[in-house]
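The values are calculated or read from the model by the stated rules, or taken from the named source; none is laboratory data. No experiment lies behind these values; they were computed from the predicted model shown. Every residue, glycine as well, gets a Cβ built from its backbone with ideal geometry; the counts of neighbours run over all protein chains shown.
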Amino acid sequence: MLLKVCHLYPDLLNLYGDRGNVMAFVRRCRWRGIGVEVVAVDLGDEVDFREMDFLFLGGGSDREQGLMARDLVRRRECLREAIEDGLVVLAICGGYQLLGRYYRSADGRTIPGLDLLDFYTEAGASRLIGNVAVEVVIEGERVKVTGFENHAGRTYLGRIAPFGRVLAGHGNNGRDGTEGARYKNVFCSYLHGPLLPKNPRLTDHLISLALRRRGLPAELTPLDDGLEAAASEVMLRRLLGPGKA
């Protein structure tokens, strides 16, 4: 049993320790005896996304997003086919924005996105910063996840579901109560932290989806997540108040 993890542009898209998401995915696989191969893909490298099981895109500045967008254009159709085939994707902040229609910067420049998902992003006059709590649905169960956001972009969803509902913090745009986006096995979010180490239930869900796509047993051996649960409870109490964690 071997899962292939694609880490796109690890040196350019790594704001706020986003590579920790790959580390958490890999570690929780290996603790269960699931083999993992990590493939780092940089500008100009060749990759067939259809051969991958988990793809991670982290956050970056406007300049870095422009570089990524130009490089990703030639990969668009291969990535689209893999997404439609159920590739598990986690895209954070700048990586999230690149999957949409476009990003319009504060100086009016429009950075075309891959137009794989129906949303667009425009820079706001101020940054949306702070700890966040979001309610997401994982296999029919409502689960609270936590993270940290720091973004000037305001993302507006079209005909696509959000990743979750904002309980505390700003989310996509600070107005409509949505956070991130969700399509098939693609999960997009503004939550750094990094997101997966803080939220093992979500990490395990992504692992299960990757296994299921390959026709492998998706039921995972339970791990001791007591420390993560305690940390999450402290943050939820701080954000939501006693009794609402």
Seminar exercise, completed: Scanning segment 106-128 residue by residue, the ones that are in contact with a Gly (Cβ under 9 Å, 6 or more places away or on another chain) and either under 20 Å from Asp71 (Cα atoms) or buried (at least 19 other Cβ atoms within 10 Å of the Cβ) (or both) total 11
Exercise. Pick from segment 177-203 the residues that are of a type in the set (Gly, Ala, Ser) and not in a strand (DSSP E or B): which of them is farthest from Tyr96 (Cα to Cα)?
Worked result: Gly177
Exercise. Tally time: how many residues in segment 129-155 are part of a strand (DSSP E or B), surrounded by fewer than 16 Cβ atoms within 10 Å (Cβ to Cβ) and among the charged types (D, E, K, R)?
Worked result: 3
Exercise. In segment 199-228, which residues are closer than 18 Å to Val132 by Cβ and free of Cβ contacts under 8 Å to residues at least 60 places away in the same chain?
Worked result: Asn199, Glu228
Seminar exercise, completed: Filtering helices (runs of 4 or more DSSP H) wholly in segment 1-107 for at least 3 residues that are modelled with pLDDT of 95 or more gives 20-30, 76-84
Problem set entry | Counted residues, segment 122-146 - those being closer than 19 Å to Asn199 by Cα and hydrophobic (A, V, I, L, M, F, W, C) | 8
Exercise. Cβ-Cβ below 7 Å, separation at least six or inter-chain, first residue in segment 70-93 and over 23 Å from Tyr16 (Cα atoms), second in a helix (DSSP H, G or I) and of a type outside the set (A, V, I, L, M, F, W, C): which pairs?
Worked result: Cys78/Arg50; Glu81/Arg50; Ala82/Arg50; Asp85/Arg50; Gly86/Arg213
Seminar exercise, completed: The condition from (1) in contact with a Lys or Arg (Cβ under 8 Å, 6 or more places away or on another chain); (2) over 16 Å from Leu15 (Cβ atoms) that Gly108 misses is numbered (1)
For this session: Taking the options Ala230, Ala210, name whichever one is assigned to a helix (DSSP H, G or I) and buried (at least 20 other Cβ atoms within 10 Å of the Cβ).
Result: Ala210
